[in-house]
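Structure, as structure tokens:
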Amino acid sequence: MEFRFTEEQEFFRTAVRDAVDKLIRPRIAAIDEADDFPRELWNEFAALGYLGLRHPEIYGGMDADVVTSMIFYEELGRGSCGFAMSVTMQILMGTYFVGRFGSEAIKQRVLVPAIRGEKIGTICFTEDQSGSDLGGTRTTATRKDDGWVLNGRKMWITNGPICDFCTVLATTDASRGMDGLSFFLVEAGTPGFTSGQQIHKLGSHGSVTGELIFDNVFVPDENLLGDGPGNGVKLTTAILNEVRVMTALSACAIANEAMADARKYALERAAFGKPIAQYQLIRSKFGSHWAWYEAARLLAYKAAWMIQEKLECQYECMLAKMFATEMCQSAVDEASRIYGGNSFAMEYPQQRWFRDARFTLFGGGCHEVLLNTLGAAYLRRGGGRLP
Amino acid sequence: MTLKIAVLVKQVPDLEATVEIAAEGQLRIEDRYVCSFFDEIAIEAALAVKAAAPDTELAAFSAGGRRAVDALRRAVAMGIDQVEQLGDESLDGADSLGVAEVLAARLKAFEPSLVLAGKQAGDDDMAAVGPMVAGALGIPHASAAIALRVDPAAGTVELDRAVEGEVLTLRAPLPALVTAEKGLAVPRIPVVMRVMKAMKAKIPNVPLTQLGLAPPAPGARLRRVRYAPPPSRPPVRMLSEPFPANVDELVRRLLEAGALA
Amino acid sequence: MASKEIWVLAEVRGERVTRGTLQLIGAARGLAAEGGFEPAAVLVGGSDGIAAGLAELAPKVLRLDGPGLDPYEATRHAAALAELVKTRGAPFAFLAPASSTGLDLAPRLAALLGTGYLSSCVALKLEGGALVARRPVYGGKAYEEIAFAAGPAFLTARPGGFPVPEKLAARGTTEVIPISLPDLLGFEIVARRSTSGGRQDVSEAKRVVSGGRGMGDAARFAMIEDLAAALDAAVGASRALVDAGFRPHSEQVGKSGKTISPELYVACGISGAIHHTLGMNTSKVVVAINSDPEALIFKSADFGIVGDGAQVVPALAAAIRKVAKKA
């Protein structure tokens, strides 16, 4: 049993860290304040080639394995959370189905420029009335001629307002519930496809989030992604594991950076004649954080390994995401307490970690839903075990 | 002439790594190692020369054990395909001259037109290996270049160097050695394809015996006696009188301390 | 004989020997007194006039004279000094200032001779008959003390920690040593331009006034320059101002700029982050002026004033001028 990354993986991590430190970290505050998509940074970052992380080399990608990509997501999470959301959407959710099911023509038209950062992609699950409850999807896809007509509105779409293409979850047969869902590729410029209201977010500035409207949008047959209609949920599960572990590691990165900043603060800030780091109640916050952070990270990488080994791991991925994101909420809360009154000042970085951390709670599924699923599974099968 | 450039690199602790003196007197250094800051500048400068003269041959060399391999991987990631590790761990405790002799032995056979190195390494801050290699090879050298211009047709290298109070422009015929100062080039962030290539690269090794050298005898010329912490200062005396009385008090204290003499 | 000598490489700027040279002669005289050595100033090229000036401070002056020795060029100066060692024998120690020239020349010379070499030493002492040098490592986060275990000790030293010596009671003797070198290829100067405008270099000045972000506009920095003028000091700048293009890199004090040891360092509007303090924390007396009472710089200072730099700095310049007039 080895709890160690390989030398290759360590080298990769150092390279990504270096890129994040040089390109992204100096701009975190500015990105947060601008609260817009940082196009210039996007182009610079795209030029490094990381957007092709999970795609085949023939399309300009890197064909990296799951654990390697998780290392990437973790390091990326140390920078701007909003920018990280834009990048991960592009690397994973926004291009996954296109890459896996798109025709060669679609891949050349959409995937290749996406990997270069020239076309921005996104995925559309959430609607006004349905978040975790995919069965409640009301966007419809109706058969017509050699294609489908899509109608509906999607909400909370990362980079929806600026996307060049999106993968839309729509129901082809409402009577079949979860088994009637399918994914469709819709490209910008298709008549009836428009961007609606933007959401002004609490945090994760650096991605623009909003509504996408499908008003009698016609797409040809080849835009149905997946072998035949009705596979939507099955395909979603395939990607959800990765999304959850990615969210877990992003949360670990946020927690770690928030506490790293708090550590520096505690070592310098004096109260009653000595640095506050010398007081027990402050020290215990760091000690406690260390334990929970290590545990969250281990759980996340174990889940990543299970995905890579193609083991049955949907529950482990849920556990990882839930544990890490809850740890993260606690970490940014404690970090804020260490800053005391200064946590309330926008000029300190603490408030940004605090705001950005909040999104990890629901990205990849709300815990209130996950806990229900996990509890039921636990009762059914008696919990997890070492593989 | 077709240029042949050798870049000398070293892996050192990150500039941000914590360094402490442990209770028993030895150093405890955080395990964060990177290719030395100035060496990355030298690598970038070499890549720039090649970009202008595409038939230039580039190679990077590092002397030592495992860390030398790490430095060379960085060179590959940045764009140098030909890299060599010279020697082994027995060099890790060698002094600057010991390292310089190993590098010079290899370079004598390699016959570079230009050798580029960082001005100084981020661990010992000695700024010695570059000029020592040049001395051992008997070629001209200049340190701390902030600008570099190579003329392959004329077979010369020209550089700018900031000294106290002026900037000098120096020129020498090749072969020559130049060390890199901040501002000479901005090291690129490696693209991921090169990172993957570097990750998988098999770094060749040239053993000391092949260079006709024996492992250096540690402590032969220089012997470390002890480590000491950085100098500390007694707590600051704040001049808390209201302005402008505090300024007058400061001047009085400076006169007293002899700081205005 | 040579092995009982401590050689100090004289550095000349314009027609004058640098202050650093004088301080290293002071260092050599201190070691000499303790260990029974004889200090000798070594002048490569130069003039009789400069040699005469050195003879006021060093009991021996060795002037290497020959074609091609002016101006400084690393290959020729290293060869000339190596020739001196060959004919005269190696000294106990060779001290060169840790200036641009010294750092460029001394390691090449050490390689030609195969001696031990240490750079940027800040303190020197004798322990058990061997020269032990203290020098910063890891950017100044720690210091090491290294003994020259065998053979001559070649080193460059930061002059800031050594005293300028008093003139000798009796003038030293000068020996002119003819050096004729073979034709050696080297780096020739093809152009030079002044960057100081005649002002002192921050790395060599006795006093330095530095401005940081708190003084980072034209009006405020003019106050820094004025205070520097009042103190006959060089002007320094923090990394923030240099990275912003507001001040030249030659003024940067700190980890990626210059590490300096003046007798007086005045930091105005500088936060005092470690990358700056590592560049000046060996200064003899440090004054910090900052509007933030929690600023880190106060931890690296001897005296501190909390206040608006735009108010304090001009007042300080005026107060300094007043005492100068009285003196």
* Picking from B:Ala94, B:Ala121, B:Ala136, which residue would you name as being within 8 Å of chain C (Cβ to nearest Cβ) and within 27 Å of C:Phe154 (Cα to Cα)? -> B:Ala136
* Structure fact -> Out of (1) in contact with a Ser or Thr (Cβ under 6 Å, 6 or more places away or on another chain); (2) in contact (Cβ under 8 Å) with a residue 24 or more places away in the chain, the one C:Arg135 does not meet is (2)
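For C:Ala273, state whether it is free of Cβ contacts under 8 Å to residues at least 40 places away in the same chain, surrounded by fewer than 23 Cβ atoms within 10 Å (Cβ to Cβ) and over 25 Å from B:Asp248 (Cα atoms). Talk me through it step by step, then tell me what you get.
Working: free of Cβ contacts under 8 Å to residues at least 40 places away in the same chain: yes; surrounded by fewer than 23 Cβ atoms within 10 Å (Cβ to Cβ): yes; over 25 Å from B:Asp248 (Cα atoms): yes.
Yes, satisfied.
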* Asked: Got a sec? Which of C:Glu188, C:Glu263, C:Glu166 is outside the structural domain of C:Arg19 (by TED's automatic domain parsing), closer than 30 Å to C:Asp48 by Cβ and either in contact with a strand residue (DSSP E or B) (Cβ under 7 Å, 6 or more places away or on another chain) or surrounded by fewer than 18 Cβ atoms within 10 Å (Cβ to Cβ) (or both)?
  -> C:Glu188
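Each row is one residue, and each column tells you yes or no for (1) over 30 Å from C:Leu113 (Cα atoms); (2) touching a helix residue (DSSP H, G or I) at 6+ places or on another chain (Cβ under 7 Å); (3) of a type in the set (D, E, K, R); (4) within 14 Å of chain C (Cβ to nearest Cβ).
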| position | (1), (2), (3), (4) |
| --- | --- |
| B:Arg194 | yes, yes, yes, no |
| B:Asn205 | no, no, no, no |
| B:Ala217 | no, no, no, yes |
| B:Pro231 | yes, no, no, yes |
* Asked: Are there any strands (runs of 3 or more DSSP E) wholly within the stretch A:101-190 with 2 or more residues that are among the basic types (Lys, Arg), and if so which?
  -> A:140-144, A:147-158
* To do: Among residues belonging to the stretch A:2-20 that are closer than 23 Å to B:Met193 by Cβ and touching a residue at least 12 places away in the same chain (Cβ under 8 Å), point out the one that is farthest from the other protein chains (Cβ to nearest Cβ).
  => A:Phe5
* **Per-region count, the stretch A:211-234, residues at positive phi and either of a type outside the set (S, T, N, Q) or without any contact (Cβ under 8 Å) to a residue 40 or more places away in the chain (or both)** => 3
* Looking at the stretch A:165-194, which of its residues are touching a helix residue (DSSP H, G or I) at 6+ places or on another chain (Cβ under 8 Å) and surrounded by fewer than 22 Cβ atoms within 10 Å (Cβ to Cβ)? -> A:Thr172, A:Asp173, A:Ala174, A:Gly177, A:Met178, A:Asp179, A:Gly180, A:Glu187
* Structure fact -> Scanning the stretch C:140-176 residue by residue, those more than 9 Å from chain B (Cβ to nearest Cβ), within 15 Å of B:Asp95 (Cβ to Cβ), hydrophobic (A, V, I, L, M, F, W, C) and assigned to a loop (DSSP other than H, G, I, E, B) turn out to be none
* Asked: Any chance the stretch C:86-98 includes a residue that's within 12 Å of chain B (Cβ to nearest Cβ), surrounded by fewer than 24 Cβ atoms within 10 Å (Cβ to Cβ) and under 27 Å from C:Ala133 (Cβ atoms)?
  -> no
* Got a sec? Which strands (runs of 3 or more DSSP E) wholly within the stretch C:1-69 have at least 1 residues that are crowded, with 24+ Cβ neighbours inside 10 Å and free of Cβ contacts under 8 Å to residues at least 40 places away in the same chain? -> C:38-44
* Structure fact -> B:Ala259 fails exactly one of (1) over 29 Å from B:Ile29 (Cα atoms); (2) assigned to a loop (DSSP other than H, G, I, E, B); (3) more than 8 Å from chain C (Cβ to nearest Cβ), namely (3)
* To do: Could you tell me whether any residue of the stretch A:291-300 is within 14 Å of A:Glu242 (Cα to Cα), under 24 Å from the mean Cα position of the chain (by Cα), in the same structural domain as A:Ala377 (by TED's automatic domain parsing) and not acidic (Asp, Glu)?
  => yes
* If you take the residues in the stretch A:265-287 that are aromatic (Phe, Trp, Tyr) and outside any helix (DSSP H, G or I), which one is nearest to the other protein chains (Cβ to nearest Cβ)? -> A:Phe272
* Structure fact -> Selection from the stretch C:268-322 of residues closer than 24 Å to C:Pro163 by Cβ and either not hydrophobic (A, V, I, L, M, F, W, C) or not assigned by TED's automatic domain parsing to the domain that holds C:Gly214 (or both) yields C:Gly279, C:Asn281, C:Thr282, C:Ser283, C:Lys284, C:Ser300, C:Asp302
* Structure fact -> Going through the stretch C:183-213 in order, the residues found to be among the small types (Gly, Ala, Ser), over 21 Å from C:Ile297 (Cα atoms), in a loop (DSSP other than H, G, I, E, B) and within 7 Å of chain B (Cβ to nearest Cβ) are C:Gly186, C:Ser196
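So, A:Leu51, is that one more than 24 Å from B:Asp70 (Cα to Cα), among the aliphatic types (A, V, I, L, M) and modelled with pLDDT of 95 or more or not? It would help to see each step written out before you state the result.
Values: more than 24 Å from B:Asp70 (Cα to Cα): yes; among the aliphatic types (A, V, I, L, M): yes; modelled with pLDDT of 95 or more: yes.
Considered against the rule, which asks whether it is more than 24 Å from B:Asp70 (Cα to Cα), among the aliphatic types (A, V, I, L, M) and modelled with pLDDT of 95 or more, A:Leu51 comes out as yes.
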* Structure fact -> Selection from the stretch A:177-209 of residues out of contact with any Phe, Trp or Tyr (no Cβ under 8 Å at 6 or more places or on another chain) and small (Gly, Ala, Ser) yields A:Gly177, A:Gly180, A:Ser182, A:Gly189, A:Ser195, A:Gly196
* Give the residues of the stretch B:136-171 that are within 20 Å of C:Leu184 (Cα to Cα) and either surrounded by 24 or more Cβ atoms within 10 Å (Cβ to Cβ) or not assigned by TED's automatic domain parsing to the domain that holds B:Met126 (or both), sorted by residue number. => B:Pro140, B:His141, B:Ala142, B:Ser143, B:Val157, B:Leu159
* Structure fact -> Expected output for the stretch B:205-234 (first residue touching a residue at least 12 places away in the same chain (Cβ under 8 Å), partner polar (S, T, N, Q), Cβ below 8 Å, 6+ apart or cross-chain) is B:Asn205/B:Gln85; B:Val206/B:Gln85; B:Leu208/B:Ser90; B:Pro215/B:Ser90; B:Pro216/B:Ser90; B:Arg221/C:Thr115; B:Tyr227/B:Gln26
* To do: Kindly list the number of the only condition in (1) closer than 17 Å to C:Gly236 by Cα; (2) more than 10 Å from chain B (Cβ to nearest Cβ); (3) of a type in the set (Ser, Thr, Tyr) that fails for C:Thr259.
  => (2)
* To do: Could you check how many residues of the stretch A:25-57 are in a helix (DSSP H, G or I) and away from chain B (no Cβ under 13 Å)?
  => 12
* Pick from the stretch B:1-18 the residues that are modelled with pLDDT of 95 or more and within 12 Å of chain C (Cβ to nearest Cβ): which of them is farthest from B:Asp88 (Cα to Cα)? -> B:Pro13
* Structure fact -> Of the residues in the stretch B:67-96, those that are assigned to a helix (DSSP H, G or I) and under 25 Å from B:Leu159 (Cα atoms) come to B:Ala75, B:Met78, B:Ser96
* **Elements of type strands (runs of 3 or more DSSP E) contained in the stretch B:115-189, each with 1 or more residues being of a type in the set (S, T, N, Q) and over 17 Å from the mean Cα position of the chain (by Cα)** => B:156-163, B:166-173
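The values are calculated or read from the model by the stated rules, or taken from the named source; none is laboratory data. Since the model is a prediction, treat every value here as computed from it, not as a measurement. Neighbour counts run over all protein chains shown; Cβ positions are idealised from the backbone, glycine included.
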